[in-house]
1. Using +1 at the Cβ of each Lys and Arg and -1 at the Cβ of each Asp and Glu in the chain, identify which of Ala342, His174, Val203 lies farthest towards the dipole's positive end.
2. So I have [x] 96, 61, 43; [y] 107, 97, 50; [z] 98, 71, 42, and one of them is Cα extents along the principal axes in Å calculated from this model. Which one is it?
3. Nearest 10 degrees is fine. How inclined is helix 81-94 to the longest principal axis of the chain, computing both from alpha carbons?
4. Where Rh is the Kirkwood radius over the Cα pairs of the range 430-662, the temperature 10 °C and the viscosity 1.306 mPa s, what D in µm²/s does Stokes-Einstein return?
5. Please give the charge dipole size of the chain, origin at the Cα centre, charges +1 on K and R Cβ atoms and -1 on D and E Cβ atoms. Round to the nearest 20 debye.
6. Based on alpha-carbon positions alone, could you give the equivalent ellipsoid semi-axes of the range 591-636 from the gyration tensor, as √(5λ), descending, whole Å?
7. Can you give the three extents of the C-alpha atoms in the range 367-426 along their principal axes, from longest to shortest, in whole Å?
8. If the limit is 19 Å between Cα atoms, which of Lys541/Lys674; Lys364/Lys578; Lys364/Lys400; Lys364/Lys422 go over it?
Amino acid sequence: MSSAPISPDAMNIPAALSQARAHWNAGQADQAEQLCLQVLAAWPGHAEALHMLGLMAHALGNLDLAIRHLRQACLAPRAPAVYSSDLAELLRQKGMLTEGEEAARRAVTMDPTLVSGWNNLGILLQEAGKLEQSLACLERAVALQPDWAEAHNNLGNTYGRMRRMDRAEVHYRHALKLNPSCASAHSNLSFLLGSLGHYAQAVSEARTAIDLAPHLVDAYLNLAEVESSYLHYASALAVLDALHGFAPAHPQGLIARARVLRQIERYDEALACARQAVALAPGRADAHNVLGQVLQSLARHDEAMAAFETSAALPGTVAEDALIGQAMLLMEAGRKDDALTAFDRVQERFPDSVRALAGRADIKTFSANDPDIQRMEAWLAESEQRPLSDGTDMHFALGKAYLDIGDAQRAFHHLDIGNRQKRASFTYDVDAAATWMKRTAATFTPDRLAQFQGAGAQSDLPVFVIGMPRSGTTLVEQIMSSHPQVTGAGELSALRLVIESHGTFPDSLDSMTSDDVERLGHAYLARVTPLAEGRPRLVDKMPANFFYAGLVAAILPGARIIHCRRNPVDTCLSCYTKQFAGEQLFTYDQTELGVFYRSYEALMAHWRNVLPPQRLIEIDYEAVVDDLESQARRLIAFLGLQWDEACLHFHQTRRVVRTASVNQVRQPIYTASKGRWQKYADYLGPLLSALRIDA
């Protein structure tokens, strides 16, 4: 039933607004809105009616309309300070931090005792990266109202951003002591516990937050982050699906989804989510940053650099991630000096940036008195309550630094800790992996391969470089990619995705027909042919494609397969000293690493016996180091191409390299890595035992 029109008589307006509030509290949004609109018709620009409409629009998910109403309400001559405070919070949610800060400062200037004003200003300053100022504002809010749980919760968030996790936890737990039903405190405690490595507790706190407040967006975001950090990507997507159900256009939900989709290499979907987030919230630095990350994964480097630049120019702590993204792009492009300068830029703005220190460590050679070593050691000395991932990064960086200066004892002290911490962050069963590889070999009998002879997609475009990580695969790709008729495409997921589309490998072979074999071959070619840029050979350097070498011979009978080999201990040592960007889950425990290597070795021995010899060659890293030219000529001849001298100057080839070996392939061949393991034998006992090698 519609409300009666309001006359211009101002005496009716307070009653009408009171009635509107009653309708709103009763869940009758339409009636409440109509009354407010009638008030505005009778008294244009009425501040209270505009304020109420703004709060209703926000509750109904229309943030842009809410901001318009509140902006107009704040223009009224006697608009209360709380209106500016509420506007500040809405602007923060939109990512408009500068205007939001202005509104919040206006609120506390108008009323210095306004607790919500100090609280909202503190949150805005927190997101803008002005953490000391944020701390002062939120401490003021707590002083004005010590029993307000939400203020303690927000103060905990600022301490969290300052990486002072012990102080953050104190305030989260105090907030919950004041109000056990404070969903946001449960949610934030979840994120903190996850960052400290307490997975089960983190999930429990996030689930409690969602039970208490089923529409609390941050609770879903924090739970998804916890699941992702432990590589539970399916669980993270399920959480984000639930969020999408009630907030399909929430920018942070889209940003989180883009991140997870990128991790599982569903890049096209990730790009769509990232672009939608940018369109909805062009002022959010994290939206532009995730767009840059997805574009980087898609090898669209100029666009990625532009997205990172936009993100870095916007206010907030996300600028640290964006600047590091730029540094990594420069490093991948072989611009080492520019990359070092970019890391310096990060540390100018964010002096305590762990990721900048760790990233710079990866591309520099340390000397004994390098001040970065002291800085990293000092950071670790006070890192007990810092995020676990930061500490892991620092241990790997220090391990590399001490290896550079020849201090093996300190190097392996840090490498062992870093590897243990990384290994504790995910579940992995190396015995199950070994069983799976044995089953793969048993499935690909000579009779099975003969069954598919003559099927498959005919093309001599693909060249697969396979082997263990750190076995010389990047070096071999770089040599071949220096040839003008070869495109190096890097580590592609195309083969795995095509194979998985047919079912679970290798069990899917039991029902595979010749038509399926041909279809899979054409599906792979459809994915990679555009990457070749018209050249007759394309190198797919995904080391783990050794799992699928037998199927490659069936679906792509014209493909060439190059198996890179290196001394087993040198290979495994090199893996153990790196924290990989991808999921090389077997590399963070010496025993598991050795067991995996032996399983890989057995599977490759099987492929050697059953694959057509004209389609598989094996290249030893040590042979390339000893005699580059003869091995390079062998590679080019295997590709069926004429020799080109550029292949001997591979380190001068300018192309993007996105692997852990990005820095090594920018240098001429060097012999220092041959037999490297022997001087570290005292620290490799579990690995040598698993490999059944005597020191």
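1. Ala342
2. [x]
3. It works out to around 20 degrees.
4. Diffusion coefficient, whole number: 88 µm²/s.
5. On the way: 65 positive and 79 negative charges, 134 e Å.
It comes to approximately 640 debye.
6. 25, 17, 5
7. That gives 33, 20, 12 Å along the principal axes, largest extent first.
8. Over 19 Å apart, Cα to Cα: Lys541/Lys674; Lys364/Lys422.
FYI, it's all coordinate maths here, none of it is from the lab. If you're wondering where the values come from, they're calculated on a predicted model, not measured in any experiment. For neighbour counting, all protein chains shown are included, and Cβ atoms are generated from backbone atoms with ideal geometry for every residue, glycine included.
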